[in-house]
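The structure appears below as structure tokens.
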Amino acid sequence: KSFSSSCTGVLTKLKRGFAEVKKRPELLDEVPAEISAWPFFLRVCEKASFAKQAWEGTAVLLQDSRWRATFAQEEQKFSLNLWKAGQRDVPLVLELLKRLPEAGDFFPLEQVPGMDPALCTALLDFFQENENTE
């Protein structure tokens, strides 16, 4: 089986689990924060058809300081490919940026010309607001 066909079932189960965590955040306390989970999410982000699900799951996990700590250690963390987000993904990207260390590093300069204009506008606003609050 290819990675894409194998991960569909896994993502479906994870999506259900994340929906439960959104209702009851304390459930995340029962899940060990394993750095080994991140390579899966980052690989899923490579596929446009799965990226949003991976971003949603990442947003849920990053609500927890333990998961933020493991993510900070992940060498490939910039592979989230947030720069590929479209207009409908802007709220999710902004939610992620609030929890990500080095938020600007998730948008490589060479990718900016191909980014969605709505995403660019939202990023400008986000970084200006954060620059003014620091």
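Listed by first and then second residue, the pairs with beta-carbon distance under 6 Å, at least 6 apart or on different chains, first residue in the stretch 28-49 and assigned to a helix (DSSP H, G or I), second hydroxyl-bearing (Ser, Thr, Tyr), are 35/70; 41/58; 42/79.
Matching residues to (1) modelled with pLDDT under 90; (2) assigned to a helix (DSSP H, G or I); (3) farther than 30 Å from residue 29 by Cβ; (4) not hydrophobic (A, V, I, L, M, F, W, C):
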site: 101; (1), (2), (3), (4): yes, no, no, yes
site: 111; (1), (2), (3), (4): no, yes, yes, yes
site: 123; (1), (2), (3), (4): no, yes, yes, no
site: 127; (1), (2), (3), (4): no, yes, yes, no
site: 130; (1), (2), (3), (4): yes, yes, no, yes
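Just so you know, in the stretch 83-106 the residues that are over 12 Å from residue 117 (Cα atoms) and free of Cβ contacts under 8 Å to residues at least 12 places away in the same chain include one that is most open to solvent (accessible area, probe 1.4 Å), and it is 98.
The values are calculated or read from the model by the stated rules, or taken from the named source; none is laboratory data. Quick caveat: nothing in here was measured; it's all calculated off a predicted structure. We place every Cβ from the backbone using ideal geometry, glycine too, and count neighbours over all the protein chains shown. What goes into the accessible areas is simple: the full protein's heavy atoms, side chains included, and nothing from ligands, DNA or RNA. Shrake-Rupley method; radii C 1.70, N 1.55, O 1.52, S 1.80 Å.
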